[in-house]
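Structure first, then comments.
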Amino acid sequence: MNGEVKPLIALCAAFLTAPLTAEPAKRSEPVELMAFGSCYKEVLPAPSLHTIADLGPDVFVWMGDNVYGDTEDMEVLRAKYRVAREHPGYARIRTTARVTGTWDDHDYGANDAGKEYAMKAESQQVLLDFLDVPDDSPRRKREGVYAVEDFGPPGKMTRVILLDTRYFRDPVGSDGEMLGEAQWRWLEKMLTGSEAQVNVLVSSIQVLASEHRWEKWANFPKEKQRLMELLAREDVPPVVILSGDRHVGEISVDRETVGYPLYDITSSSLNLPLGDGDEPNRHRLGRMFRGANFGSLSIDWSRETPVVTGCVMDERGRPQRAVSFELVR
Ligand SMILES: [Fe+2]
């Protein structure tokens, strides 16, 4: 089952004929379809958001670069988020899906920025406003936008763990910290304490792909090693990783390091793709997809162990890359 690519395209395509969700998704119902996306250039058209709305996912996850803020002026940032909120496709997504998310550098505030970004506390509140996070949420009171969301009933539960790779990050090249000690302790608790059958780890930047010259966990070798050691622990449930940032879509797998096949499904960008080109990635399954895209994760709860299918979909909802697996050690 693990790692098969081609026939699964048909599985993703089945979503296209799925009935539209007429009612808002309820947190207490099992997640059958999750959509995720990143790198949304808010001044450009975004057919992807209409397509996602048509698919009617139970959950939608923003994985960062949710707008291209690139500013220390919070009014400018708020104005860009307003444009994003008013996209008619996204407006429909908000009415039917549970929406959550984290940030990457551009919506945080500056290209490739880390802990030195001056407006990080203010920018945090702007993102949380965009995501409709309630005033009394713990996300409002702590530093950083990392978060956990549980969906579904006991026995058919999905836990989404959203990392913050910006707020605490030391300069690139320092081999310093990326998550910071408080977030590491929290992450360990969220993993070991999870009662979910499907655990999803969202990182704005790629975890597995290491050969390219852009941002990645591999730029912080000690942090990557720590993550892999955490995921390899017997008391930590297996996870699937979702990532964005790269303006390409691809599915990577590491079968050796953590004791089960660890997938990193990268979807980027919703509407600003890189276009033609290639790059090495020894973990990649098949080829990159370099058009505008979003990701989907469908969960088949009819088996004893749920079957997870991850897809990279083009902006019209045509599956381009897919993989299906069970999350077991
Ligand atoms: Fe981006």
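Each value in this text was obtained by applying a stated rule to the coordinates, not by laboratory testing. The structure presented is a predicted model; accordingly, all values stated were derived computationally and were not measured. Every residue, glycine as well, gets a Cβ built from its backbone with ideal geometry; the counts of neighbours run over all protein chains shown.
Kindly indicate whether Val253 is touching a residue at least 24 places away in the same chain (Cβ under 8 Å), surrounded by fewer than 21 Cβ atoms within 10 Å (Cβ to Cβ), more than 15 Å from the ligand (Cβ to nearest atom) and of a type in the set (Val, Ile, Thr).
Numbers: touching a residue at least 24 places away in the same chain (Cβ under 8 Å): yes; surrounded by fewer than 21 Cβ atoms within 10 Å (Cβ to Cβ): yes; more than 15 Å from the ligand (Cβ to nearest atom): yes; of a type in the set (Val, Ile, Thr): yes.
Yes; evaluated as a whole, the condition is true for this residue.
Please note which helices (runs of 4 or more DSSP H) are completely contained in region 40-128 and include at least 3 residues that are more than 13 Å from the ligand (Cβ to nearest atom).
47-55, 74-86, 88-96
Restricting to region 222-270, count the residues that are under 21 Å from Gln197 (Cα atoms), among the hydrophobic types (A, V, I, L, M, F, W, C) and outside any strand (DSSP E or B).
Final tally of qualifying residues: 7.
Only one residue in Leu274, Leu285 is within 16 Å of the ligand (Cβ to nearest atom) and farther than 15 Å from Leu187 by Cβ, so which one is that? Before you say what the answer is, go through the steps one by one.
Details: Leu285 fails: within 16 Å of the ligand (Cβ to nearest atom).
Being within 16 Å of the ligand (Cβ to nearest atom) and farther than 15 Å from Leu187 by Cβ holds for just one of Leu274, Leu285, which is Leu274.
Those residues that are within 12 Å of the ligand (Cβ to nearest atom) and touching a helix residue (DSSP H, G or I) at 6+ places or on another chain (Cβ under 6 Å), I need them from region 256-270; list them, please.
Within region 256-270, just Leu270 meets the criteria.
Among residues belonging to region 207-257 that are among the β-branched types (Val, Ile, Thr) and under 22 Å from Thr102 (Cβ atoms), point out the one that is nearest to the chain's Cα centre (by Cα). Walk me through how you get there before you give the answer.
Here is the first cut: in region 207-257, the ones among the β-branched types (Val, Ile, Thr) are 207, 236, 239-241, 248, 251, 253, 257.
Checking which are under 22 Å from Thr102 (Cβ atoms) leaves us with 207, 236, 239-241, 248, 251.
Details: Val207: 11, Val236: 20, Val239: 13, Val240: 10, Ile241: 7, Val248: 14, Ile251: 13 Å.
Filtering first and then ranking leaves Ile241.
Among (1) crowded, with 19+ Cβ neighbours inside 10 Å; (2) more than 16 Å from the chain's Cα centre (by Cα); (3) among the hydrophobic types (A, V, I, L, M, F, W, C), there is one condition Leu272 misses while meeting the rest; what is its number?
It fails just one condition, (1).
Select from region 118-161 the residues that are free of Cβ contacts under 8 Å to residues at least 60 places away in the same chain and of a type in the set (A, V, I, L, M, F, W, C) and list them in ascending order.
Ala118, Met119, Ala121, Val126, Leu128, Val133, Val145, Ala147, Val148
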